[in-house]
1. Looking at D60 and the list (1) out of contact with any Lys or Arg (no Cβ under 6 Å at 6 or more places or on another chain); (2) surrounded by fewer than 22 Cβ atoms within 10 Å (Cβ to Cβ), which single condition is not satisfied?
2. Please work out which residue is farthest from W343 (Cα to Cα), limiting yourself to region 248-274 and to residues that are assigned to a loop (DSSP other than H, G, I, E, B) and in contact (Cβ under 8 Å) with a residue 60 or more places away in the chain.
3. Looking at (1) of a type in the set (G, A, S); (2) in the same structural domain as R168 (by TED's automatic domain parsing); (3) modelled with pLDDT of 95 or more, find the lone condition where A344 falls short.
4. Of all residues being in a helix (DSSP H, G or I) and among the small types (G, A, S) in region 31-66, which is nearest to E165 (Cα to Cα)? Just the residue, please.
5. Pull up region 1-30, narrow it to residues that are hydrophobic (A, V, I, L, M, F, W, C) and assigned to a loop (DSSP other than H, G, I, E, B), then point me to the one that is farthest from the chain's Cα centre (by Cα).
6. In region 191-247, which residues are of a type in the set (V, I, T), assigned to a loop (DSSP other than H, G, I, E, B) and surrounded by fewer than 18 Cβ atoms within 10 Å (Cβ to Cβ)?
7. Looking at region 137-144, is at least one residue farther than 16 Å from A42 by Cβ, modelled with pLDDT of 95 or more and not in a helix (DSSP H, G or I)?
Amino acid sequence: MDQTVLREALSRVDEARIVELAKELVRVPSVSGEEKAVMYRARELLEEIGIEAELHGSEDRPIINAVLNPGAERLLVFNGHLDVVPIAKPDAWTKAPWDPVLIDGMLYGRGASDMKSSCAVMIHVLEILKDMGLPLSVGVHLVPDEERGATFGSKVLVEKITRGEMRRPDYVVIGEQSNLKVRVAERGMFGFQVKFYGRAAHTAASRTFGINAIAKASKGVLALEHHIDKFHEWIGHPMQSVNIIQAGTVSNQVPAECTITVDRRLIIGETADDAVAEVKADLDKAGEGDPDWSWEIVAPKDEEGNWVYTPANYTPPDSELGQAFMEAVPAALGIEPELYVEWAGSTDGRLYRQEGMQTIGFGPIGFGAHGPDEFVYVDSLVKTAKVYLALALRLAEG
């Protein structure tokens, strides 16, 4: 990596400019489903710095694709979402969620951490790279609908890419918070239900004839709510949580059925069959000695009878993009890169990886995402911008 060029690029990172761009995005309310205004504001910000942005998706939920130097052989894309979750309890906020404020190096507001500030960093990086003449195409995919599954956001772009209607990125960077660590993998997802069976009866006969399915399910919940002692160095531990329980019809009838819904997150090497085998073992143990212990696992299956689930997805650290990150972090920040293996949900990165595109996450440090007084550390935004620049310069070398 040319150190003179790198120093010049890093010297152009402007903290005040990043904060300005982030505030412009945060102050536009954009709860999922209502992103139109913020998407058009983002396009204006790009066009103000001389970068043309084309729109995809629908009129009400537009998607931005903007690319510098589109004629270059290889394409690096930064992906960020501009939708946010609702303000669940306004009186829990001590700051106005749509009026971003900078206090002691922390930028507060809904979306400051998740993830409008990262999108601001991406715009600023394009602003810096615009006149550098890199032999690399560098662009952004700014999308809606990430918080609700990406059907009207990144999925639209990836489907267009697979159909050949849009250029296929060689490398994709997801700007979600990663605490300045390199996120090469995301846990898979397997959702299923366990239906526990009892016997309906009048409450008066609950101890003589009834079998309470809620009581059975209670034992099942306790059996499944535990840490799973597995670990993968790229992704961390699996997770499992019972998140919904449904039972009963009237207050004077012993429930005959009780259904729990379980969210199981898988690490690399795990399958849905593995998870089901573990659940069966846990429930068999919980029901030992109980003659009325009866349950079944319910989940979608494909035409061949296999469980429908999303496996863990990853881009190995020794991939071309992974190696570039491992060089970019020390070049930009003077520290050794670390892999992000913390407790985190899925991102739109899975969609690109599933279609074979090298995809890695890297983003700032923040707190309060989806909750009150959400904020991001501004110095981590500056560091993120520097890593993005070093990464682009490294990939430009080929």
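1. (1)
2. So in region 248-274, the residues assigned to a loop (DSSP other than H, G, I, E, B) come out as 248-252, 255-256, 267-271.
Still in the list and also in contact (Cβ under 8 Å) with a residue 60 or more places away in the chain: 267-268, 270.
On the way: I267: 12, I268: 15, E270: 17 Å.
It comes out as E270.
3. (3)
4. A42
5. M1
6. T208, I228
7. Yes: one or more hits.
This table checks each residue for (1) more than 30 Å from P255 (Cβ to Cβ); (2) hydrophobic (A, V, I, L, M, F, W, C).
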position: G289; (1), (2): no, no
position: W293; (1), (2): no, yes
position: A299; (1), (2): no, yes
position: Y309; (1), (2): no, no
position: E327; (1), (2): yes, no
position: L339; (1), (2): yes, yes
position: W343; (1), (2): yes, yes
position: V378; (1), (2): yes, yes
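The values are calculated or read from the model by the stated rules, or taken from the named source; none is laboratory data. This structure is a prediction, so every number in the text was calculated from the model and none was measured. Ideal geometry is used to build each Cβ from the backbone, glycine not excepted, and the neighbour counts take in all protein chains shown.
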